[in-house]
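Reviewing the structure listed below.
Values quoted throughout were computed directly from the atomic coordinates according to the rules given, and no laboratory measurement underlies them. Since the model is a prediction, treat every value here as computed from it, not as a measurement. As a convention, Cβ positions derive from the backbone with ideal geometry for all residues, glycine included, and neighbour counts pool all protein chains shown.
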Amino acid sequence: MAKSFLKCQLGFLGNAEGSAFLSQGLTTVSVSIVGPYEPKASKILYDRAIVDVKFRRKTGSITVYDKMLESIMQSTIEKSINVEQYPRSSISIIVQEMQDRGNLLSTSLNASCLALMNSGIAMNHVFAAVSCAVLENEEIILNPDESKIKSSEAYITLVFANSENRELLSSYTTGHFSQLTYIHCMDKCYAASKKVFKFYINLINNGTMFK
């Protein structure tokens, strides 16, 4: 993964608790974090925070596919936030597509993690998402472009927690592949996730708004 593959601007929105503008290859998304704030009385949970993830397309209406991506992001992010630390509150994560050239889910998840880190909200763990395509000859391509995704036999996005035991948080797959191929994809994506985590650390430690 080349250094220029990931580019991020943190804290670019003044009216949000946290924000991230992330380019992952040619795909770009922005994420803003609002909260914790007091929700309507009918939605209050007394022992934990409500986490609400909204995904927005650059143009056009939200599709069934977009709702599925939103659901994956919701599940992953909710597991990552320490919701018990914010009872009777709500946390909103707004993911805005800016440009989609493939790997939109992994880009959106990584941007969401960075925005949460920027917000200072307590997290159980940070996470990194990596996508790969399985070609007809069973070659595995990390972070494939649009053409590789369309011509692939299978397309897989895996989300890992930053832990030493290779904790898999989420898995989204399409196409056909063997169990052995899936294991090989996990190995490659896990190794690549370490580079994403290193990018997070360098970005935060340097204290710069742009990396």
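Laid out as a table, the results:
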item	result
Angle between the chain longest axis and helix 64-80 axis [Cα atoms, degrees, rounded to 10]	70 degrees
Stokes-Einstein D (µm²/s) once Rh is taken as the Kirkwood radius of the chain over alpha-carbon pairs, at 4 °C in 1.567 mPa s	74 µm²/s
GLN99-SER61 FRET efficiency (beta carbon distance; Förster radius 22 Å; 0.05 resolution)	0.75
Residue-count net charge about SER131 - beta-carbon cut-off 13 Å; Lys, Arg +1, Asp, Glu -1	0
Using alpha-carbon coordinates, inclination of helix 179-206 to the longest axis of the chain, degrees	50 degrees
Inter-site label distance for GLN179 and GLU153 at 7 Å from Cα along Cβ, in nm	1.8 nm
Segment ASN165-LEU26, length gained on full extension (0.36 nm per residue, minus Cα span)	46.9 nm
Neighbour net charge for VAL53 - beta-carbon separation under 14 angstrom, K R +1, D E -1	-1
Net charge of neighbours whose Cβ lies under 14 Å from the Cβ of CYS189, counting Lys and Arg as +1 and Asp and Glu as -1	+2
Inter-part distance where region 64-84 and region 4-34 are each reduced to a Cα centre, Å	18 Å
Where labels lie 7 Å past Cα in the beta-carbon direction, separation of ALA122 and LYS40 in nm	2.8 nm
Burial ranking of peptide ranges 180-192, 114-126 (average Cβ count within 10 Å, highest at the top)	114-126, 180-192
